[in-house]
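Just below is one structure, and these are the notes that go with it.
The values are calculated or read from the model by the stated rules, or taken from the named source; none is laboratory data. Remember, it's a predicted structure, so these values are computed and weren't measured experimentally. We place every Cβ from the backbone using ideal geometry, glycine too, and count neighbours over all the protein chains shown. Only protein heavy atoms, including side chains, enter the accessible area calculation; ligands, DNA and RNA are left aside. Shrake-Rupley method; radii C 1.70, N 1.55, O 1.52, S 1.80 Å.
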Amino acid sequence: MKIGVLTHYFKSPNYGGNLQAYALVEFLRSSGFDCEQICYDMFFKREQELSRTAYFLKRLSFVPGYVLSLFKSRVLFRGKTTFVSQKMAQRLGCIYDFNQNTIRHSADSYSYGDIGRANAAYDVFITGSDQVWHPHNFCPAYLLSFAKGDKKKISYAASIAKSNLSKEEIDCIVSSISDYTAVSVREEDSAILLRKHCSKEISCVVDPVFLLSDKQWDSISRPYLVDRPYVLTYFLGENPKSRTLARDFAKKNGFKLVSLPYLNGAYRKCDWNFGDELLFDVGPAELISLIKNAACVFTDS
């Protein structure tokens, strides 16, 4: 029996996305199943159907404030932006290395038009974890609409990431999961929402990263990356209070302050020179090490 997992894996630049993709496959393999991530490019069809301008504007609609952020980065911070872009490329290289060389994945890549070919390669399909059912980024493949015949369909820790859905959105999910062998979601509010509209049993389960033991995570973790006791910061937002708290805690306890700056993918003033050591050559394996060996972690994520 071969299992194919569909989640936000293919060329993902996201730390959490890569870690959950790795964890579910490795958990299933350690349980005796032949399992891998399916390389699925969810944006390929949209790029082909839309003009370049229309596609660009469509993508922007998912990112409030993107235009202003882009203007600030490209116009107001010219020199710094060049430096940050180079460092971000270094970080992305580390993430993609993990994505391609650590996570088990299919040899073939699929897109909207040919994902049906995967039926011949797998006996069971699992969708999840991560926000695979988020209505703002809807993709039929993540509801396993392509799986036909006697193929078993399962969701594991699928996330809707919203507590309220329109009738159309609810109907779409409910009708899609009607023939699933098992359905589980990551958030309790998602389970409550679906139970109101669906007669199937809906379970709430942990994210895949919690399925692996510390020994399993240690097996891919990198050695110490920082030369003395440190506090790690991982900030997606720009709240100055968060950074002040981390800085004061590190100073009070004599720890080095280590930061992963520009996690939003662009220059921002609050990250510039924040910390005693700013790290860029960090992939998911290095992030595991940084969290494991830190005296304390400050995060808003």
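Things worth noting here:
- Amide H contacts of Phe235 (H built 1.01 Å from N, in plane; Pro and chain starts excluded): Leu260 sit under 5 Å, all sequence-distant by 5 or more or on other chains.
- Database remark: amide H of Ile202 closer than 5 angstrom to no amide H (H placed geometrically; neighbours at sequence offset of 5 or more, or on other chains; Pro and chain starts carry no H).
- Only DSSP H runs of four or more residues enter the estimate; each adds -39500 (n - 2.57), and after division by the residues of the chain the mean residue ellipticity at 222 nm equals -11000 deg cm²/dmol.
- Per residue, the convex hull around the alpha carbon atoms of the chain comes to 152 Å³.
- Projecting the Cα atoms of Leu232, Tyr262, Ile291 onto the dipole axis of the chain, where Lys and Arg carry +1 and Asp and Glu carry -1 at the beta carbon, places Tyr262 farthest toward the positive end.
- In order along region 189-198, the Karplus-derived 3J(HN,Hα) couplings, from 6.51 cos²θ - 1.76 cosθ + 1.60 at θ = phi - 60°, round to 5, 5, 5, 4, 4, 5, 4, 5, 10, 9 Hz, and Gly and Pro are given as x.
- HN-Hα J in Hz across region 269-278 - Karplus 6.51, -1.76, 1.60, θ = phi - 60°, x for Gly and Pro: 4, 5, 8, 5, 6, 8, x, 6, 9, 9
- Student exercise, the chain dipole from Lys, Arg, Asp, Glu Cβ charges, in Debye to nearest 20: 980
- Per-residue HN-Hα couplings for region 31-37 [Karplus 6.51, -1.76, 1.60; θ = phi - 60°; Hz; x = Gly/Pro]: 8, x, 9, 7, 9, 7, 6
- Cut-off under 5 Å, modelled amide H: who pairs with Glu187 long-range: Ile160
- Taken over region 162-301, the alpha-carbon convex hull comes to 165 cubic angstrom per residue.
- In Å², nearest 10: area of Thr82 left accessible to a 1.4 Å probe: 80
- Cα-centred dipole magnitude for region 211-301, charges only on beta-carbon of K, R (+1) and D, E (-1), debye, nearest 20: 280
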